[in-house]
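The values are calculated or read from the model by the stated rules, or taken from the named source; none is laboratory data. For clarity, every value in this text was computed on a predicted model and none was experimentally measured. Note: ideal-geometry Cβ built from the backbone for every residue, glycine included; neighbour counts use all protein chains shown.
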Amino acid sequence: MKQKTPISTIMTKNVITLNSTDTLEKAERLFKKNKIRHIPVVSGEKIIGMLSYTDLLRISFADAVYDDEEEVETAVYNMFSIEQVMAKNLIYVNSNTTIKEVAEILSKKEFHAIPVVDEGKLVGIVTTTDLINYLLKQF
């Protein structure tokens, strides 16, 4: 295993994002359609927060049983905005941060995704799944 491998080698580069003005209904559709669990919230190219599928489940567990359904129950979602639900105090890394450093951050924190930001611009996202897949390829 290479000690200095940058996170850019395993991060997702084509990141699905939301704007703070988008609806939670749209967020849930993106989570389900793309089979993802984390979506950065941006203003232009700047990241301002992170929304996780768990964040949605905290305010409404109604859809948790039906992950494969396309229809979304919006009654609860209409009471909240993305800005109210998203995580705002983010830890992020740059694309030159090593995979080992990212693994250390994720092992000590209670979240499962880190945005990758270069010069103030969101360039990727790395998740615990990305790290596990990387480790599996080493065997």
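Taking only the range 1-59 into account, find how many residues are surrounded by fewer than 16 Cβ atoms within 10 Å (Cβ to Cβ), polar (S, T, N, Q) and over 13 Å from the mean Cα position of the chain (by Cα).
Here the count works out to 7.
Within the range 51-71, is even one residue at pLDDT 95 or above, part of a strand (DSSP E or B), more than 21 Å from T5 (Cβ to Cβ) and in contact with a helix residue (DSSP H, G or I) (Cβ under 7 Å, 6 or more places away or on another chain)?
yes
Can you tell me which residue in the range 83-125 is nearest to M50 (Cα to Cα), limited to those that are of a type in the set (D, E, K, R) and in a loop (DSSP other than H, G, I, E, B)?
Taking the range 83-125 as the starting set, the residues that turn out to be of a type in the set (D, E, K, R) are 83, 88, 100-101, 104, 108-110, 118-119, 121.
Now narrow it down to the ones that are in a loop (DSSP other than H, G, I, E, B): 88, 109-110, 119.
Numbers: K88: 7, K109: 15, E110: 13, E119: 18 Å.
Among residues in the range 83-125 that are of a type in the set (D, E, K, R) and in a loop (DSSP other than H, G, I, E, B), the one nearest to M50 (Cα to Cα) is K88.
Taking the options I16, I59, I47, I36, name whichever one is of a type in the set (A, V, I, L, M, F, W, C), within 19 Å of N96 (Cβ to Cβ) and in contact (Cβ under 8 Å) with a residue 12 or more places away in the chain. Spell out how you get there, then give the answer.
Working: I16 fails: within 19 Å of N96 (Cβ to Cβ); I59 fails: within 19 Å of N96 (Cβ to Cβ); I36 fails: within 19 Å of N96 (Cβ to Cβ).
Going through I16, I59, I47, I36 in turn, just one is of a type in the set (A, V, I, L, M, F, W, C), within 19 Å of N96 (Cβ to Cβ) and in contact (Cβ under 8 Å) with a residue 12 or more places away in the chain: I47.
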